[in-house]
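Step one of this worksheet: look at the structure below.
Read-outs: derived from the displayed coordinates by stated rules, not from any lab. In this text the structure is predicted, and so the values were computed from the model without any measurement. No Cβ is skipped: glycine too gets one built from the backbone with ideal geometry, and neighbour counts run over all protein chains shown.
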Amino acid sequence: MNYDLTEEQQLLRSTVREFAETKVAPVAEELDRESRFPYELVAELAELGLMGIPIPEEYGGAGADTVSYAIAVEELTRIDSSVAITMAAHTSLGTMPIYLFGDERQKQEWLPRLASGEGLGAFGLTEPNAGSDAGATRTRAELRDGQWIVNGSKIFITNAGTDISACVTITAATGENEISNIIVPNGTPGYDISEPMHKLGWHASDTRELSFADCAVPEENLLGPLGNGFAQFMQILDGGRISVAAMGVGLAQGAYDLAFAYAQERQQFGRPISKFQAVQFQLADLSTEIEAGRQLVYRAAWLKDQGKPFGLAAAQAKLYTGLLSNRAVNSALQIHGGYGFMEEFAISRLYRDQKILEIGEGTNEVQRMVIAKRLGL
């Protein structure tokens, strides 16, 4: 085994870390307080080539591997989850379906714009009555005169309603017990986007409800073969879990960093609280668990890059790092004491942002179902 990162991966890590610390950190609290989408930061991410990391260069991406992508997601999340999920959802959910399942015409039409960060992509899977049971979609698409007529709704969709959103790929029932994926461009008549939803965390990310009323899109916007939608989005979710697992590691690392620094500064009983064994043990445990979580993420990413089965590893990484990030923010806020409960301290934002990592891309319970199934139980 070789645990060394390549020179390219090390450079990427240092580049994203510097960007997060110098560009994101100074405005993260303000963006969160104002629930303001970070257009300027997304534009800078695009300039750095970070909005299409795993997409081949021929389509405008960076052509990097999944491990590199996970590193970038982790480094962004260490500072701010809203910026990280904007990039991660755009890449894993908005762009990858078109790259993996689109025909060459669809790739040429959409990938250069998405991979360059000129436009944001979204994926419409969840519905008011189809969450963990994602196959229970009620949105329907009927083929009429060379057009798909879409009716239905989606909820909790990331990146669909910004000024630079380009398209959403939705799941829709196209027949009896048949689900397909269809690309719907923003601005299509009959496709309506709600006002931003109010959330516990991720305040600076874009989350909307989408509705479709006789929304007509060209027949050629079908993504892949008719009826392959369920298999497609299951594959997309497997890959997306790696990025969410990377977010779990990044958020845990960010919480640890804040607690470590605070423990050395905060004086009680005449000495820094970092000198008390109770605090030392919490930090020691967190540092150990974070490294374990990071290796789970890297292993899942490496398996994907090698073309090996990675679904089990991705689910394990996502489950573990979701639980890890929960423990990390709790311990870190406890170390901050009463100050951690104040919005002026970054740990309060990380605390609010954490919980969705145990829900999005499959709840903890769904991850356990996936793991058990892949173990043959």
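Farthest toward the positive end of the dipole of the stretch 102-243, out of PHE230, HIS203, GLY117, is the Cα of HIS203, where the dipole comes from beta carbon charges about the Cα centre. Taking chymotrypsin sites (Phe, Trp or Tyr not before Pro) as candidate sites, keep only those in a DSSP loop with at most 10 other Cβ atoms within 10 Å, then name the longest stretch of the chain containing none of them. So the longest stretch without any such site is 4-268. Taking 0.36 nm per residue of separation and subtracting the Cα-Cα distance, full extension of the segment from ASN2 to LYS275 would add 94.7 nm.
Extending 7 Å from Cα along the Cβ direction at GLU219 and again at GLU47 yields two label points whose distance is 4.6 nm. Measuring r between the beta carbons of MET342 and ASP285 and using R0 = 22 Å, the FRET efficiency lands at 0.30. The mean sequence distance of close C-alpha pairs (under 8 Å, at least 6 residues apart), as a share of the length of the stretch 263-377, puts its relative contact order at 21 percent.
Spread over its residues, the convex hull of the C-alpha atoms of the stretch 7-115 is 88 Å³ per residue. Can you sort HIS198, HIS90, HIS336 so the residue with the fewest Cβ neighbours within 10 Å comes first? Starting with the residue having the fewest Cβ neighbours, the order is HIS198, HIS336, HIS90. What are the aspartates and glutamates whose alpha-carbon lies under 19 Å from the alpha-carbon of LYS23, with same-chain residues fewer than 8 places away excluded? Cα-Cα hits under 19 Å: ASP32, GLU34, GLU40, GLU44, GLU47, GLU74, GLU75, ASP80, ASP257, GLU344. Taking a straight line from the alpha carbon of LYS308, these aspartates and glutamates sit under 19 Å away, with near neighbours fewer than eight places off in the same chain left out: ASP65, ASP238. Taking the Cβ-Cβ separation of ARG327 and GLU118 as r and a Förster radius of 51 Å, what is the calculated FRET efficiency to the nearest 0.05? In this case the efficiency is close to 0.85. Subtracting the Cα-Cα distance of ALA292 and GLU29 from their residue separation scaled by 0.36 nm leaves 91.8 nm.
With helices as the sole contributors, the chain gives -16000 deg cm²/dmol at 222 nm; each DSSP H run of n ≥ 4 counts as -39500 (n - 2.57), and the sum is divided by every residue. Distance from the C-alpha centroid of the stretch 42-57 to that of the stretch 72-96: 11 Å, rounded to the whole angstrom. Decide, for the stretch 192-263, between rounded, prolate and oblate: order the square roots of the alpha carbon gyration tensor eigenvalues as a ≥ b ≥ c, take rounded if a/c falls under 1.5, and otherwise choose prolate if a/b is larger than b/c, else oblate. It is oblate, given that a/c is not under 1.5 and a/b is not larger than b/c. Subtracting the Cα-Cα distance of GLN306 and LEU200 from their residue separation scaled by 0.36 nm leaves 34.4 nm.
Would you mind classifying the stretch 132-249 by shape? Square roots of the alpha carbon gyration tensor eigenvalues, ordered a ≥ b ≥ c; an a/c under 1.5 is rounded, otherwise it is prolate if a/b is larger than b/c and oblate if not. Cα axes put the stretch 132-249 in the oblate bin.
When you restrict to C-alpha pairs under 8 Å that are six or more residues apart and normalise by the size of the stretch 166-229, the relative contact order lands at 40 percent.
The alpha carbon convex hull volume per residue for the stretch 283-377 rounds to 100 Å³.
Is the shape of the chain rounded, prolate or oblate, going by the alpha carbon gyration tensor and its root eigenvalues a ≥ b ≥ c, with a/c under 1.5 for rounded and a/b larger than b/c for prolate? List each step's numbers first, then the result.
Details: a/c = 1.82, a/b = 1.71, b/c = 1.06.
Since a/c reaches 1.5 and a/b is larger than b/c, the shape of the chain is classed as prolate.
Counting only residues at least eight positions apart within a chain, or on another chain, the lysines with an alpha carbon under 18 Å from that of LYS154 are LYS199. Summarising the strand pairing of the chain, around 85 percent of its internal DSSP beta bridges are antiparallel. Only Cα pairs under 8 Å and 6+ residues apart enter the sum, and on that basis the relative contact order of the stretch 142-198 stands at 27 percent.
Charged neighbours of GLY94, selected by a Cβ distance under 13 Å, balance to -1 (K, R count +1; D, E count -1).
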